[in-house]
There are 2 protein chains.
Amino acid sequence: MTAVQRVRLLLADDEHLIRGAMAALLALEDDLLVVAEAASGPEALAMARAHAPDVAVLDLQMPGADGVKVATSLRAELPACRVLIVTSHGRPGHLKRALGAGVRGFVPKTVSAQKLAEIIRTVHAGNRYVDPELAADAIAAGDSPLTEREAEVLELAAEGAPVAEIAERAALSQGTVRNYLSSAASKLGAENRHTAARLARERGWV
Amino acid sequence: MTAVQRVRLLLADDEHLIRGAMAALLALEDDLLVVAEAASGPEALAMARAHAPDVAVLDLQMPGADGVKVATSLRAELPACRVLIVTSHGRPGHLKRALGAGVRGFVPKTVSAQKLAEIIRTVHAGNRYVDPELAADAIAAGDSPLTEREAEVLELAAEGAPVAEIAERAALSQGTVRNYLSSAASKLGAENRHTAARLARERGWV
DNA sequence: CACTGCCCATGACAAATGTCATCCACCCGA
DNA sequence: TCGGGTGGATGACATTTGTCATGGGCAGTG
């Protein structure tokens with residue numbers, strides 16, 4: 001055995017092709033060992049419980065529960081397991097959410113496999129790694145200027161629901177809902193709530 | 001050489017990790033040979049011109065030009081090159097658009113590498129392959145009920161622009177725009193143009 | 001030709017949405 | 001304890017949007 005103790009990995013991604021390919025590439029590194037794979041959030045949790053990996057490499061968007069939710073659960077159940085999030089669409093807000101959930105690494109899928117392997121080692125060693133590009137975006141986007149209610153209402157508005165429905169779902173009066181939407185839109189520099197919702201989503205604020 | 005003539009492949013995907021991983025996996029098949037890789041639509045075209053591959057494996061969403069647009073150009077410039085589209089998010093309308101562009105295969109990224117290799121061979125042999133799941137979705141979603149104008153206006157509305165702006169951009173009167181949006185929304189069973197736009201997008205009709 | 005469907009437009013009315021002034025409850029620091 | 005500031009809430013009012021009836025032009029088709 002070339003390495004006395006290999007880093008045991010859990011790989012979670014709903015795209016079989018990608019997961020399998022990542023596994024194949026990481027298998028080339030002789031200090032890494034993929035011990036489990038999962039195709040959904042809940043499955044990832046179950047596999048983690050069963051195999052107690054050193055590092056969990058999670059896709060951000062998965063059916064069931066997204067990577068950050070899985071990370072939150074893992075933090076509670078397996079504090080020794082480091083979490084590394086891999087994503088296609090890096091929204092600034094996701095990064096903050098992920099770091100808040102105790103994630104140790106956050107990288108886009110545009111990295112090469114070698115780089116990924118290095119990052120896995122970094123994370124396993126207890127250090128953090130955040131893709132510089134994504135970090136810059138997150139800093140540029142800054143903090144959400146939205147209050148809690150504004151964000152809540154905006155989220156309900158994102159699917160195009162009419163104000164009446166939003167009001168009901170949020171247990172607010174329609175007037176209040178409109179106020180929140182209005183102030184949120186002006187804070188975001190949008191002309192109406194729909195563009196506001198889109199902007200907020202893009203920046204990961206909802 | 002185990003195979004006298006290998007199938008020469010072009011791989012295009014903007015996610016380096018995935019592209020590299022796919023390349024690595026496909027390289028294990030001794031009748032397949034990756035001769036070029038690209039990370040964007042235009043780059044894919046350039047690489048195709050330079051290497052004249054037998055089969056082009058294209059991601060549907062790429063910067064620059066999407067897979068279908070690349071396929072259209074390829075069909076004109078390199079009719080001998082078969083095109084296989086690989087995608088994460090299979091919208092029903094995309095499939096139809098792709099087939100219209102002369103694409104020979106259409107598969108989600110959830111397939112395994114072995115399966116992908118088989119499909120590449122199928123396509124190379126001149127046959128077609130469409131993922132059964134996606135095909136079923138496409139049939140279920142049916143044809144777009146929208147007229148050309150309705151779709152055009154709905155697309156402009158998708159970003160949340162006010163009617164006045166849409167009217168200007170489409171060179172129509174505001175009343176006409178509202179009529180189109182209204183009829184489009186009722187055809188789609190939506191309460192307002194924003195949900196209508198969302199639905200149309202989901203089904204790949206815009 | 002008559003018919004049908006799509007395109008474009010108009011006007012009027014109803015409903016949803018955006019905007020604003022105002023008010024209340026609460027926390028915090030002087 | 002007394003302001004002052006802030007987040008949250010409300011209703012009235014103006015604007016935007018959705019709906020409907022209507023009409024003319026134009027292309028395809030039985």
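Points worth noting:
- Oblate is the label for the range A:73-152. Its Cα gyration tensor axes, ordered a ≥ b ≥ c, give a/c of at least 1.5 and b/c at or above a/b.
- When the helices of the protein assembly as shown are scored as -39500 (n - 2.57) per DSSP H run of n ≥ 4 and the total is divided over every residue, the value at 222 nm lands at -16000 deg cm²/dmol.
- With an a/c value of 1.5 or above and a/b larger than b/c for the gyration tensor axes a ≥ b ≥ c computed over the alpha-carbon atoms, chain B is described as prolate.
- Cα gyration tensor shape of the range B:148-202, rounded if a/c is under 1.5, else prolate or oblate by comparing a/b with b/c: prolate
- Neighbourhood net charge (14 Å Cβ-Cβ; Lys/Arg +1, Asp/Glu -1) for A:GLU77: +4
- Averaged over A:183-193, number of beta-carbon atoms from partner chains that fall within 10 Å: 1
- Taking the label point 7 Å along Cα→Cβ, B:LYS187 and its counterparts in the other copies are spaced 3.9 nm apart, in ascending order.
- Every pair of different Cα atoms in the protein assembly as shown enters the Kirkwood calculation, which places the hydrodynamic radius at 23.4 Å.
- Label point distance in nm, A:GLU133-A:ARG75, each placed 7 Å from Cα along Cα→Cβ: 2.6 nm
- Position B:ARG75, label points 7 Å along Cα→Cβ, spacing to each other copy in nm (shortest first, one decimal): 5.0
- Length released on extending from B:ARG121 to B:GLU191, taking residue separation times 0.36 nm less the Cα-Cα span: 20.6 nm
- Put simply, the amide H of B:LEU32, placed in the peptide plane, has neighbours under 5 Å in B:VAL7, leaving out anything fewer than 5 places away on its chain.
- Mean projected area (nm²) of the alpha-carbon convex hull when the range B:35-80 is viewed from all directions: 2.6 nm²
- Residue-level result for chain A: its Cβ closest to the axis carrying A onto B, with that distance in Å, is A:ALA21, 1.
- Average Cα contact separation per residue, the range A:7-140, under 8 Å, 6 or more apart, as relative contact order %: 22 percent
- Residue pairs exceeding 26 angstrom between C-alpha atoms, taken from B:LYS69/B:LYS109; B:LYS96/B:LYS187; B:LYS69/B:LYS187: B:LYS69/B:LYS187.
- Summarising the label geometry, the points placed 7 Å from Cα in the beta-carbon direction at A:ARG178 and A:GLU165 lie 1.9 nm from one another.
- For the pair A:LEU28 and B:SER112, a Förster radius of 25 Å applied to the C-beta separation gives a FRET efficiency near 0.85, rounded to the nearest 0.05.
- Across the identical copies, how the B:GLY100 labels are spaced - nm, sorted shortest first, 7 Å along Cα→Cβ: 4.3
Rule-based calculations on the coordinates, nothing more; no lab input. Predicted model, so just to flag it, every value in this text is computed and none were measured. Note: ideal-geometry Cβ built from the backbone for every residue, glycine included; neighbour counts use all protein chains shown.
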